[in-house]
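Q: This is the structure I have questions about; it appears just below.
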Amino acid sequence: MGRLDGTVALVTGASSGIGEASARALAAEGAAVAIVARRGERLRALGGEIADAGGTALPVEADVSEREQAEAAVAEAVAELGRLDVLVNNAGVMLLGPIHEAPVEEWDRMVEVNVLGLLYTARAALPHLIEAAAGEPRRVADLVNISSVAGRIARKGSGVYNATKFAVGAFSESLRQEVAGRQVRVSLIEPGAVATELQSHNRDEIRKQIEKRFEQIEILQAEDVADAIAYVATRPPHVAVNELLIRPSGQEG
Ligand SMILES: NC(=O)c1ccc[n+]([C@@H]2O[C@H](COP(=O)([O-])OP(=O)(O)OC[C@H]3O[C@@H](n4cnc5c(N)ncnc54)[C@H](OP(=O)(O)O)[C@@H]3O)[C@@H](O)[C@H]2O)c1
């Protein structure tokens, strides 16, 4: 018996990294998972893998930074899978570098995905989470927002990424208070360095700087963070894990 049997989860950014690992982890706990991202082929491959393992997965191609697409993804998940108990708001981009003379398109992308995409998806999911929390099988629902250590500590060279993740923290705390009385738990996960595709989208010189910063330490795997997400979503109904900061053991800042 899985601890999420009879429930439905939606994971954004499920085509790679933390989202992909989280979808697997939640499916292994028994949740039917709607897996959302832009790269449909990757989603279909993951969906096949989850189905082969005896789970249920619904690939949904969507760009969450487009409000209609975020709303349609949530609507499709509910229409196809019947309800929504867990939202993992994970889709994100990290494009680092100095603020002075930065390519403004990089800022636009980060704000659109990390902030607006997360807000649109949360808003679309909330009525369904509130409904799921009012009944069986769990009498609780989960909205898990993926922030970062960068949402707690600002650093030179990551100002706008910091700004987007600080925004995620502020939004999460406000929403937590708003829905606490309705058995919807809002959780903030703040990973340190994780081995995913995230840094690969940076300009060459920036990517090299990121690699250099972490070359001496063993960084986290996506599964380590997925484990934390599954932990949060499988607590008994009276336990809300509001915030989880999770760094590689060797990461200082
Ligand atoms: N890796 C780290 O060190 C680290 C540390 C702290 C926090 N985080 C956070 O963890 C989250 C996941 O990142 P990751 O490390 O797993 O990186 P990743 O492997 O690059 O995954 C990012 C995911 O977001 C999706 N995505 C990007 N733009 C999207 C859009 N417009 N609409 C829908 N999906 C979109 C990508 O899918 P498509 O390209 O297919 O759309 C991909 O599935 C991010 O919020 C990131 O800020 C990561």
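What follows is calculated from the coordinates using simple rules that are stated; it is not laboratory data. All values derive from a computational prediction rather than experimental measurement. Using ideal geometry, Cβ is built from the backbone for each residue, glycine included, and neighbour counts are taken over all protein chains shown.
Q: Can you give me the long-range amide H partners of R39? Hydrogens built in the peptide plane at 1.01 Å from N, cutoff under 5 Å, separation of 5 or more residues or another chain.
A: Distant-sequence amide H within range of R39: zero hits.
Q: Can you list the residues, at least 5 places off or on another chain, whose amide H is less than 5 Å from the amide H of R185, using H built in the peptide plane?
A: A141, D142, L143
Q: Additional query: When ranked by the protection proxy of mean other Cβ atoms within 10 Å per residue, highest first, what sequence do the peptides 44-53, 185-194, 7-16 form?
A: In decreasing order of mean packing, 44-53, 185-194, 7-16 become 7-16, 185-194, 44-53.
Q: Still on this model: Report, in degrees rounded to the nearest 10, the 0 to 90 angle that the Cα long axis of helix 118-133 makes with the longest principal axis of the chain.
A: Value to nearest ten degrees: 20.
Q: Still on this structure, I have one more. Order of 124-132, 33-41, 171-179 by packing, highest average Cβ count within 10 Å first?
A: Going from most to least packed, we get 33-41, 124-132, 171-179.
Q: For region 111-169, with equal point scatterers placed on the C-alpha atoms only and solvent neglected, what are the log10 I(q)/I(0) values from the Debye formula at q = 0.17, 0.20, 0.23, 0.26 1/Å, to two decimals?
A: -0.63, -0.75, -0.85, -0.97
Q: Here's something else I'd like to know. From the backbone phi of region 73-84, what are the Karplus-calculated ³J(HN,Hα) couplings (6.51 cos²θ - 1.76 cosθ + 1.60, θ = phi - 60°) in whole Hz, Gly and Pro given as x?
A: Along region 73-84, the couplings run 5, 5, 4, 5, 4, 5, 5, 7, 10, x, 5, 8 Hz.
Q: Can you pull the semi-axes for the chain, root of five times each eigenvalue of the Cα gyration tensor, sorted largest first, whole Å?
A: Its equivalent ellipsoid spans semi-axes of 28, 19, 18 Å.
Q: While we're on this one: Could you give each residue of region 54-64 its phi-based ³J(HN,Hα) in whole Hz, using Karplus coefficients 6.51, -1.76, 1.60 with θ = phi - 60°, and x for Gly or Pro?
A: x, x, 10, 9, 10, x, 10, 7, 7, 9, 5
Q: Given bins 5 angstrom wide, list per bin the percent of all Cα-Cα distances in region 30-132, short to long.
A: That works out to 2, 13, 20, 21, 17, 12, 7, 4, 3, 1, 0, in percent per bin.
Q: Now, a different point. Report P(r) for region 128-253: all Cα-Cα distances, bin width 10 Å, range 0 to the bin holding the largest distance, values in whole percent.
A: So the P(r) values, bin by bin, are 12, 38, 30, 15, 5, 0.
Q: If R0 is 30 Å, what FRET efficiency do you get for D108 and R44 from their C-beta distance, rounded to 0.05?
A: 0.55
Q: Using label points projected 7 Å from each Cα along Cα→Cβ, tell me how many nm separate E178 and R67, to one decimal.
A: 1.4 nm
Q: Compute the distance in nm between two label points, each set 7 Å from the Cα along the Cα-to-Cβ direction, one at E215 and one at N242.
A: Placing both labels 7 Å beyond Cα along the Cβ direction yields 4.1 nm.
Q: For K165, give me every one of the aspartates and glutamates with a C-alpha distance below 16 angstrom, ignoring sequence neighbours fewer than eight places off in its own chain.
A: Result set, ordered by chain and number: E106, D108, E112, E173, E190, E243.
Q: With label points built 7 Å along Cα→Cβ from the Cα atoms of E101 and D224, find their separation and express it in nm.
A: Rounded to a tenth, the inter-label distance reads 3.6 nm.
Q: If amide hydrogens are placed 1.01 Å from N in the peptide plane, which non-local residues have theirs closer than 5 Å to the one on G192?
A: V149, I246, R247
Q: Once the Cβ-Cβ distance between T56 and K156 is put in as r, and R0 is 41 Å, what FRET efficiency do you end up with, to the nearest 0.05?
A: My answer for the efficiency is 0.35.
Q: Determine ³J(HN,Hα), in whole Hz, for all residues of region 157-167 in sequence, where each value follows from phi through the Karplus function 6.51 cos²θ - 1.76 cosθ + 1.60 and θ = phi - 60°; x replaces Gly and Pro.
A: x, 9, x, 7, 4, 3, 4, 5, 6, 4, 4
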